[in-house]
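Notes follow once the structure below has been shown.
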Amino acid sequence: MSFQRKLNLFDAIMLVVGNMVGAGIFTTAGFLAGELTNPWLFTGIWVVGGFLTLCGALTYAELAGMFPRSGGDYLFLKAAYGSWAGFLLGWVCFWIINPGSVAVLAIAFAKYLTGFCGYSGTAAEKLIALAVVMLFSAINYRGVRLSGTTQNLWTMGSLAILAVFIVGGFASGRGDWGNFSAGMATAIPGSSFLGPAMIAVIFSYSGWFVTAYIGDEVKRPERNLPLSLILGTAMVTALYVAINTVYLYAMPVESLKGVVNVGQVVGERLLSKGFVRGLTLAIMLAVAASINATILAGARLSYAIARDGHFHRHLERLHARFGTPHAGLIVQAALACLYVVADTFENLLGAVVFIMLLSSTGSGLAHVVLRRKKPSIERPYRTWGYPLVPLLFVAVYFSIAIQIFLSSPVRSLAGIAITASGIPFYLYSLRRGDVRAVGALFPSEPGESKELKRRIEE
């Protein structure tokens with residue numbers, strides 16, 4: 001049995017947008033105001049961050065079009081450097097990154113929900129988080145069409161509330177356009193613009209690559225995968241710039257400094273205290289959308305690795321009725337629940353952030369490597385601005401990785417150790433003799449591209 005292509009372009013875009021938009025946009029501004037006192041830099045950094053993220057989307061768009069299958073970075077690293085690179089990324093994603101991310105998001109959702117309802121307590125938050133993990137895992141278990149519909153509803157609901165916040169905020173007339181000229185004397189960005197501030201912005205844009213992991217279930221993947229990455233990233237960039245412009249319209253950048261709940265403060269000032277509950281609801285919907293997208297993509301990654309013979313064969317089996325990688329979903333949900341209960345996931349995720357950045361850097365370089373290594377492979381989309389665009393993306397992500405390593409060397413080394421722990425298991429999978437060859441990813445001659453596409457669609 002194989003995956004069914006049930007997700008259209010709109011579904012794919014909603015996955016990208018829903019996976020990117022989270023609570024960070026409502027909390028990052030206070031930190032940025034402390035680093036960047038110039039109002040134009042305060043908003044401009046979101047434009048720059050969006051552009052750099054778009055460079056990543058353009059880079060991944062070509063790769064996703066080349067390999068319109070489930071797997072994402074796993075496929076890209078494997079194709080460029082060998083099966084070992086893909087496996088080690090898949091290893092740390094399977095055990096920590098994917099279930100850990102689900103756990104973090106579920107806890108965040110629980111905190112917002114208890115606050116929204118007027119309840120409190122760690123026990124209640126954990127019970128809600130566990131219920132959320134199981135609910136969204138069950139939705140994904142029942143089929144990708146149901147998961148896609150759920151994603152569309154959550155994402156569109158969040159976007160609708162944010163649209164009211166943006167339009168209503170400007171229309172209220174309670175702000176001051178003079179805030180955009182205050183502080184202009186501090187026009188020199190200094191190191192903060194490319195240091196901690198840029199790191200915070202880039203992390204707020206994270207999650208843009210999600211559709212690269214579900215290529216087997218997207219209609220016309222050679223077209224829709226690249227478009228979803230590019231259009232989804234562009235939409236979120238416009239949204240983030242607009243929201244931060246509203247912040248600055250409401251308050252001078254100096255007044256935003258250190259304010260954690262920026263969205264709440266601005267909402268009360270421009271709209272009403274009652275609308276703050278609407279913003280909380282928007283955050284909850286956005287977090288829920290991220291949970292759904294993370295669960296969807298994570299299970300497809302474990303499926304792709306098992307399909308190539310590196311993980312247990314049960315993980316590559318699809319449900320007879322629903323056509324979903326049910327074993328991968330169950331294991332992922334179990335690990336996420338374990339992390340919720342154990343309260344150790346944040347430390348684990350902190351340890352592998354360095355590895356996550358290195359994997360994205362490696363995928364960016366894979367774009368350049370494969371242009372040289374396999375120039376004849378059919379590329380439905382070719383990255384605009386090659387090689388500057390992928391190299392710019394690589395340079396930015398690698399510089400952030402270096403800064404993360406220098407600021408947290410012990411955690412970064414722990415992440416390397418966790419990743420390296422997969423080496424014995426990789427060697428064992430090779431000894432079993434049923435590992436799918438790297439060369440199977442490629443047509444050996446230009447004329448074989450159609451045959452490759454046929455095998456993919458089968």
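The values are calculated or read from the model by the stated rules, or taken from the named source; none is laboratory data. These numbers come from a predicted model, not from an experiment. Using ideal geometry, Cβ is built from the backbone for each residue, glycine included, and neighbour counts are taken over all protein chains shown.
So which residues in region 30-75 are charged (D, E, K, R) and either within 20 Å of Leu388 (Cβ to Cβ) or under 20 Å from the mean Cα position of the chain (by Cα) (or both), if there are any at all?
Those that are charged (D, E, K, R) and either within 20 Å of Leu388 (Cβ to Cβ) or under 20 Å from the mean Cα position of the chain (by Cα) (or both): Glu62, Arg69, Asp73.
If you check Lys219 against the conditions, is it closer than 24 Å to Leu75 by Cβ and surrounded by fewer than 24 Cβ atoms within 10 Å (Cβ to Cβ)?
yes
So, of the residues in region 405-419 that are farther than 20 Å from Asn98 by Cα and touching a residue at least 24 places away in the same chain (Cβ under 8 Å), which turns out to be surrounded by the most Cβ atoms within 10 Å (Cβ to Cβ)?
Restricting to residues being farther than 20 Å from Asn98 by Cα and touching a residue at least 24 places away in the same chain (Cβ under 8 Å), the top hit is Phe405.
If you take the residues of region 260-314 that are of a type in the set (Val, Ile, Thr) and within 30 Å of Pro424 (Cβ to Cβ), which of them is farthest from the chain's Cα centre (by Cα)?
Step by step, filter region 260-314, then rank; the result is Ile305.
In this structure, is Thr149 among the hydroxyl-bearing types (Ser, Thr, Tyr) and over 23 Å from Gly24 (Cβ atoms)?
yes
Scan region 255-311 residue by residue and report those that are of a type in the set (Val, Ile, Thr) and outside any helix (DSSP H, G or I).
Correct list: Val259, Val260.
With the requirement that a residue be among the small types (Gly, Ala, Ser) and farther than 30 Å from Asn98 by Cα, what does region 259-292 give you?
Across region 259-292, the qualifying residues are Gly267, Ser272, Gly274.
For region 66-82, how many residues meet the condition of being surrounded by fewer than 24 Cβ atoms within 10 Å (Cβ to Cβ) and either part of a helix (DSSP H, G or I) or without any contact (Cβ under 8 Å) to a residue 24 or more places away in the chain (or both)?
Residues meeting the conditions: 2.
On the given criteria, is Lys126 among the charged types (D, E, K, R), in a helix (DSSP H, G or I) and surrounded by fewer than 23 Cβ atoms within 10 Å (Cβ to Cβ)?
Here the answer is yes, as Lys126 does meet what is asked.
Quick one: in region 222-235, which of the residues that are surrounded by 24 or more Cβ atoms within 10 Å (Cβ to Cβ) and of a type in the set (A, V, I, L, M, F, W, C) is nearest to Met156 (Cα to Cα)?
Selected residue: Leu229.
Among His314, His319, which is under 19 Å from Ser147 (Cβ atoms) and surrounded by fewer than 22 Cβ atoms within 10 Å (Cβ to Cβ)?
His319
Pick out the one residue from Tyr386, Tyr339, Tyr397, Tyr426 that is of a type in the set (Ser, Thr, Tyr), part of a loop (DSSP other than H, G, I, E, B) and touching a helix residue (DSSP H, G or I) at 6+ places or on another chain (Cβ under 8 Å).
Tyr386
State all residues of region 342-378 that are over 23 Å from Trp84 (Cα atoms), of a type outside the set (Asp, Glu) and either touching a Gly at 6+ places or on another chain (Cβ under 6 Å) or part of a helix (DSSP H, G or I) (or both); if no residue qualifies, say none.
Scanning region 342-378 gives Ala342, Phe345, Asn347, Gly350.
Return the residue satisfying two criteria in turn: it lies in region 322-346 and is among the aromatic types (Phe, Trp, Tyr) and more than 19 Å from the chain's Cα centre (by Cα), and of such residues it is surrounded by the most Cβ atoms within 10 Å (Cβ to Cβ).
Looking at the filtered set, the residue picked out is Tyr339.
Name every residue in region 15-29 that is over 18 Å from Ser70 (Cβ atoms) and aliphatic (A, V, I, L, M), in order of residue number.
Val17, Met20, Val21, Ala23, Ile25, Ala29
Given the condition in contact (Cβ under 8 Å) with a residue 40 or more places away in the chain and more than 18 Å from Thr59 (Cα to Cα), answer yes or no: does some residue in region 355-374 qualify?
Within region 355-374, one or more residues are in contact (Cβ under 8 Å) with a residue 40 or more places away in the chain and more than 18 Å from Thr59 (Cα to Cα).
When region 48-61 is examined, which residues are found to be in contact with a helix residue (DSSP H, G or I) (Cβ under 6 Å, 6 or more places away or on another chain) and either without any contact (Cβ under 8 Å) to a residue 60 or more places away in the chain or more than 25 Å from Asn292 (Cβ to Cβ) (or both)?
Leu52, Cys55, Leu58, Thr59
Among Leu301, Leu296, Leu285, Leu271, which is the only one that is under 12 Å from Ile166 (Cα atoms), buried (at least 20 other Cβ atoms within 10 Å of the Cβ) and of a type in the set (A, V, I, L, M, F, W, C)?
Leu271
Every residue in region 1-36 that is at pLDDT below 85, assigned to a loop (DSSP other than H, G, I, E, B), surrounded by fewer than 20 Cβ atoms within 10 Å (Cβ to Cβ) and in contact with a helix residue (DSSP H, G or I) (Cβ under 9 Å, 6 or more places away or on another chain), please.
Within region 1-36, Ser2, Thr27 qualify.
Of all residues in region 136-145, count the ones that are assigned to a helix (DSSP H, G or I) and buried (at least 16 other Cβ atoms within 10 Å of the Cβ).
Total meeting the criteria: 6.
Here is a list: Gly173, Gly178, Gly148. Which entry is at pLDDT below 95 and part of a helix (DSSP H, G or I)?
After applying the criteria, what remains is Gly178.
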